[in-house]
Structure formats: structure tokens, C-alpha cells
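Nothing in this text is a laboratory measurement; each read-out follows from the coordinates by a stated rule. Fair warning: this is a prediction, and the values are worked out from it, not measured in the lab. Here Cβ is always computed from backbone atoms with ideal geometry, including for glycine, and neighbour counts include all displayed protein chains.
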Amino acid sequence: MDILDATAFPATDYLMPDGLSVAELGALLGPLASSPGLAGFDITCFNPEKDPGGECASSLAGLIRGSLAA
């Protein structure tokens with residue numbers, strides 16, 4: 001998740017200035033997830049301790065749902 005902009009996804013240990021927005025990452029993941037060549041993917045650098053309200057976890061779950069539904 002450290003590819004996302006620090007303001008879009010602060011629940012990571014590796015904050016990225018000028019990173020992608022959640023929508024931009026979603027637009028990239030959709031076609032990748034629908035590829036017949038996809039064998040799997042990892043989600044890394046999500047730190048729930050930095051997400052006390054659960055907003056980032058909700059965004060992350062939405063990204064996964066949207067990608068797999070594509």
C-alpha cells in the first residue's frame with residue numbers, strides 16, 4: 001500500500017509523497033486482476049495501528065472487491 005499517496009492512505013509505515021490515489025490504483029488493478037495470466041497478488045505495508053477509524057481498511061477492502069469483480 002506504500003504506492004499510494006500519503007494523504008490518500010496514511011495507514012502504512014512507508015509514506016509516499018506524490019503517490020497514486022486509491023482510484024488510480026483501482027483503475028490499474030482491475031485489468032490486471034482480470035488477466036488470465038494472474039496467479040495471485042500480495043497486499044503489503046498496511047498498518048492497522050495507523051488506521052484507528054478503519055477508513056484505510058475500508059478503502060483496501062473496496063480495492064480488493066473491485067479488482068476481483070472485474
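Only helical DSSP H runs with n ≥ 4 go in: add -39500 (n - 2.57) per run for the chain, normalise by residue count and round the 222 nm mean residue ellipticity to 500 deg cm²/dmol.
Rounded to the nearest 500, it is -12500 deg cm²/dmol.
Calculate how steeply helix 55-69 sits against the longest principal axis of the alpha-carbon atoms of the chain, using the helix alpha-carbon long axis, and give the answer as 0 to 90 degrees to the nearest 10.
Helix 55-69 and the main axis of the chain meet at about 0 degrees.
Using r as the Cβ-Cβ distance of Asn47 and Ala23, and R0 as 22 Å, what FRET efficiency do you calculate, to the nearest 0.05?
After rounding to 0.05, the efficiency reads 0.55.
Relative contact order (percent) for the chain, with alpha-carbon contacts under 8 angstrom and 6 or more residues of separation?
Here the relative contact order equals 38 percent.
Along the Cα-to-Cβ line of Asp13, 7 Å from the Cα, sits a label point; which residues in segment 42-70 have backbone N less than 18 Å from it?
What the label zone holds, given the 18 Å backbone N cut-off, is 42-52, 57.
Please list the non-local residues whose amide H lies under 5 Å from the amide H of Asp5, H modeled 1.01 Å from N, same-chain partners needing a gap of 5 or more.
It is Gly19, Leu20, Ser21, by chain and number.
Using just the C-alpha positions of the chain as equal point scatterers, what log10 of I(q)/I(0) does the Debye formula give at each q in 0.15 1/Å?
For the chain, the Cα-only Debye profile gives -0.47.
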